[in-house]
1. Taking just the alpha carbons, could you work out the radius of gyration and Dmax for the chain, both in angstroms?
2. What GluC sites (Glu not before Pro) in region 133-185 are in a loop by DSSP, with at most 13 other Cβ atoms within 10 Å of the Cβ?
3. Placing unit charges on C-beta atoms (Lys and Arg positive, Asp and Glu negative, everything else neutral), compute the dipole magnitude of region 1-76 about its Cα centre in debye, rounded to 20.
4. Can you tell which of 127, 85, 242 lies farthest toward the positive end of the dipole of the chain, using +1 and -1 charges on the Cβ of basic and acidic side chains (Lys, Arg; Asp, Glu)?
5. Among 254, 150, 224, whose Cα sits farthest toward the positive end of the charge dipole of region 145-258 (+1 at Cβ of Lys/Arg, -1 at Cβ of Asp/Glu, about the Cα centre)?
6. Mind jotting down a quarter of the surface of the convex hull over the alpha carbons of region 184-255, in square nanometres, one decimal?
7. Tell me the relative contact order for region 1-95 as a rounded percent, counting alpha carbon contacts under 8 Å between residues six or more apart.
8. Mind listing the phi-derived Karplus ³J(HN,Hα) values for region 252-265, rounded to whole Hz, using 6.51, -1.76 and 1.60 with θ = phi - 60°, and x for any glycine or proline?
Amino acid sequence: SRPVKLSLRLHPYGEGRLLILSRDVTSVEQAETMRRDFVANVSHEIRTPLTVLAGFVETLQNLDLPREERNRYLGMMGVQAQRMQTLVSDLLTLSRLEGSPLPDATEWTPAAAFLTQCQQESAALVQALGKKMELRFGEAPALALGGAASELQSAFSNLVSNAVRYTPSGGVVDVQAREAAGGRFELAVRDTGPGIAAEHLPRVTERFYRVDRSRSRETGGTGLGLAIVKHVVQRHGGELKIASTLGKGSTFTILLPATRVRPLPLKPSESAA
Ligand code: ADP
């Protein structure tokens with residue numbers, strides 16, 4: 001049983017009688033608290049890089065700084081500016097997802113296209129982070145996914161990028177897609193990273209919720225990735241499941257409605273006709 005907040009109004013009602021009007025305002029208050037928390041979080045996330053930037057600007061005003069030192073500061077300023085760009089772009093994505101319905105005209109995209117993109121991006125990310133880890137990608141099932149391809153791609157890429165970012169060198173990131181029960185498409189992203197404790201699991205898809213703030217910052221996270229994934233998956237009629245064991249690793253699974261496709265072999269003689 002959850003606590004309920006009631007708003008009560010008393011009205012005199014005829015001779016010696018009282019009318020009591022009660023309204024459950026629990027959800028109104030919750031929405032207001034969430035909105036306030038969100039604004040506070042956004043402000044904090046923007047203020048941190050801004051403070052760093054302002055500090056460097058002040059330092060750079062000292063004209064006697066050796067060139068090398070100046071370049072080092074400029075580099076660090078670039079990192080902070082990049083962080084703010086990513087944050088603003090994630091915020092815009094989230095607000096677009098929350099505000100607009102999914103476009104009606106269904107665009108179908110083969111599962112293989114999404115997986116190829118994930119594979120390329122993860123290989124590039126591993127290299128950019130200077131990590132040594134094994135990336136395993138299974139075959140794509142003969143399915144096509146309906147909906148906004150760019151949104152679906154960003155959901156899949158987010159899970160794979162999290163797996164790569166949170167898994168230390170020497171680990172494994174394993175991405176398997178298959179046709180699940182009911183003809184649905186299933187994508188499972190498994191990693192041998194730090195895992196997530198049971199008490200945090202239900203909250204990791206909340207906006208700005210991070211298990212370890214400093215680790216998330218180090219890995220360049222905005223804390224909005226999984227919130228975006230959850231929204232995209234839900235508005236495509238699918239679900240996101242998370243299983244994790246602390247110290248062992250995590251598996252993020254996306255299930256989505258799909259349709260079977262039959263790739264046609266193209267024989268040169270026939271295609272020319
Ligand atoms: P972030 O930008 O911080 O990565 P996300 O919304 O993508 O934000 O994830 C929220 C939090 O969930 C992360 O800060 C991290 O604590 C946890 N998390 C996400 N993916 C993983 C993973 N593969 N392994 C361990 N922890 C993860």
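Since every read-out is calculated from the coordinates, none of them should be taken as a lab result. Computed from a predicted structure; not experimentally measured. Here Cβ is always computed from backbone atoms with ideal geometry, including for glycine, and neighbour counts include all displayed protein chains.
1. 24.5, 96
2. Values: sites: 134, 139, 151, 179; in loops: 139.
Here the sparse-neighbourhood loop sites are 139.
3. Values: 11 positive and 10 negative charges, 79 e Å.
The calculation lands at about 380 debye.
4. Working it through, the farthest residue towards the positive pole turns out to be 242.
5. Going by the charge dipole, the pick is 224.
6. Working: hull surface 19.0 nm².
Its Cα hull, projected and averaged over all orientations, spans 4.7 nm².
7. 19 percent
8. Here the 3J(HN,Hα) series is 9, 10, 10, 10, 9, x, 8, 10, 6, 10, 10, x, 8, x Hz.
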